[in-house]
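**Q** If you scroll down you'll find the structure; I have some questions about it.
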């Protein structure tokens, strides 16, 4: 690998393009791309000058000339691509959400354990510039102990197009809750530094009439004692200024606002009247997909462990299943922390 890690990308859609750009900037060799849609395949191959382009992903999975694969496929195809790739000796980066079910995530984890290769889930929000700055401030103790957080990702009319798989729970795992909500929940797990123990959620499909929820809201309780509110939507009748992404952290020594026109801001020095000093935070050079792929490279090289690896994938899917159980039953669901990979497939 002295001349660069040879990467193949399975899926040449918008996500595959983002992966290609990030991998190129991080120093990967773009050695192969696969997609069944000819126009999409040829466009991405030409733009990034892939060494090889094929219609059948199996050709890349079996290719001994590749060191790693980036899987940018619909959620229900993640395991069927990742497991044989691991068996063939390749490191694997998998788009979020990890899989439709925790059973699939456990199968990926077992394959990773047997192969000894890296599995990294593409939780790209953890690698955003604002997110990295805020995480650093929290880890340095500037905020104190976090007790609550609020996060939203609200689209007014932003239902994913795809081929219809987004709206089929058996293939996607759910609607906006798993598509957008799981990414925001994962970010809060990362920032708070604690796992979720209980979830209570609701879901609605009032605007689109989709068979899965277009809007989801949940309350979370963490092992640390912190709480959080998360709201996400593909489609929602809302005040225009409400659309977009927010994430606010409330701690006993400070408050942090990730997404402002000035970038991430920390508020400290609260007096008895609630007045405080806002301080914009310095942001890192490496962010987004380039930062994600830089981390993937370091994992492959044995310099660090995956920030969101196989066990995290299992936990996230168990959390997602608990959310949907809460939506269906109207009850608060306790999340069991079982993540073993020794179960039979």
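**Q** For region 15-58, what is the convex hull volume of the alpha-carbon atoms per residue, in Å³?
**A** Per residue, the Cα convex hull of region 15-58 comes to 66 Å³.
**Q** Hey, what angle do you get for helix 288-300 against the long axis of the chain, alpha-carbon based, 0 to 90 degrees rounded to 10?
**A** 60 degrees
**Q** Kindly put 133, 233 in sequence by how many other C-beta atoms sit within 10 Å of each C-beta, fewest to most.
**A** 133, 233
**Q** Another question, then. Could you list 218, 206 so that the one with the fewest beta carbons within 10 Å of its beta carbon is first and the one with the most is last?
**A** The fewest-first ordering by Cβ neighbours comes to 206, 218.
**Q** Could you tell me the calculated FRET efficiency between residue 198 and residue 25, based on Cβ-Cβ distance and R0 = 51 angstrom, to the nearest 0.05?
**A** 0.80
**Q** Something else now. What is the calculated FRET efficiency for residue 298 to residue 46, with r their C-beta to C-beta distance and R₀ = 22 Å, to the nearest 0.05?
**A** That pair, residue 298 with residue 46, gives E of 0.15.
**Q** Using a 10 Å cut-off around each Cβ, can you sort 71, 327, 333 from fewest to most neighbouring Cβ atoms?
**A** Placing the least packed residue first, the sequence is 333, 327, 71.
**Q** Just how far, in whole angstrom, is region 168-218 from region 10-64 if you go by their alpha carbon centroids?
**A** Centre-to-centre distance over Cα atoms comes out at 30 Å.
**Q** In whole Å and largest first, what semi-axes does the C-alpha gyration tensor of region 1-138 yield when each eigenvalue is scaled by 5 and square-rooted?
**A** Ellipsoid half-lengths, sorted descending, are 22, 20, 15 Å.
**Q** Which residue, 227, 88, 172, tops the fluctuation ranking in a GNM of the chain built on C-alpha contacts under 10 Å?
**A** Among 227, 88, 172, the largest mean-square fluctuation in the Gaussian network model of the chain belongs to 88.
**Q** May I pose another question? Rounded to a whole number of µm²/s, how large is the Stokes-Einstein D of region 118-229 at 4 °C and 1.567 mPa s, given Rh as the Kirkwood radius over C-alpha pairs?
**A** 84 µm²/s
**Q** Another question about this same structure. Starting from the Kirkwood radius over alpha-carbon pairs of region 109-154, derive D by Stokes-Einstein at 20 °C in a medium of 1.002 mPa s and give it in µm² s⁻¹.
**A** 157 µm²/s
**Q** Where does region 194-324 land on Rg/Rh, using Cα atoms and the Kirkwood Rh?
**A** 1.01
**Q** Still on this structure, please answer the following. When the chain is modelled as a GNM with alpha-carbon springs shorter than 10 Å, which of 179, 63, 195 fluctuates the most?
**A** Among 179, 63, 195, the largest mean-square fluctuation in the Gaussian network model of the chain belongs to 63.
**Q** On a 0 to 90° scale, report how tilted helix 102-115 is relative to the longest principal axis of the chain, with both axes built from alpha carbons and the result rounded to the nearest 10.
**A** The helix 102-115 is inclined about 50 degrees to the chain.
**Q** Tell me, what is the Rg over Rh of the chain, with Rh the Kirkwood radius over Cα pairs?
**A** 0.97
**Q** Which residue fluctuates most in the GNM of the chain (Cα springs below 10 Å): 274, 225, 158?
**A** Among 274, 225, 158, the largest GNM mean-square fluctuation belongs to 274.
**Q** Stokes-Einstein diffusion coefficient for region 73-156 at 10 °C in a medium of 1.306 mPa s, Rh from the Kirkwood formula over Cα pairs: what value in µm²/s?
**A** D = 105 µm²/s.
**Q** Separate question: In whole Å, what are the Cα extents of region 248-292 along the three principal axes, biggest one first?
**A** 43, 18, 13
**Q** Additional query: Assuming R0 = 35 Å, can you tell me the calculated FRET efficiency for the pair residue 242 and residue 305, based on Cβ-Cβ distance, to the nearest 0.05?
**A** 0.40
**Q** With angles folded into 0 to 90 degrees, how steeply does helix 182-192 sit against the dominant principal axis of the chain? Use alpha carbons for both and round to 10.
**A** 60 degrees
**Q** Turning to a different aspect of this structure: Taking Cα atoms of region 166-256, Rg/Rh with Kirkwood Rh, to two decimals?
**A** 1.00
**Q** What do the square roots of 5 times the Cα gyration tensor eigenvalues come to for region 255-345, in whole Å, largest first, as semi-axes of the equivalent ellipsoid?
**A** Each semi-axis is the square root of five times an eigenvalue, giving 35, 26, 11 Å.
Where a number appears in this text, it was derived from the coordinates with a stated rule and is not lab data. Since this is a predicted model, take the numbers as computed values, not measurements. Ideal geometry is used to build each Cβ from the backbone, glycine not excepted, and the neighbour counts take in all protein chains shown.
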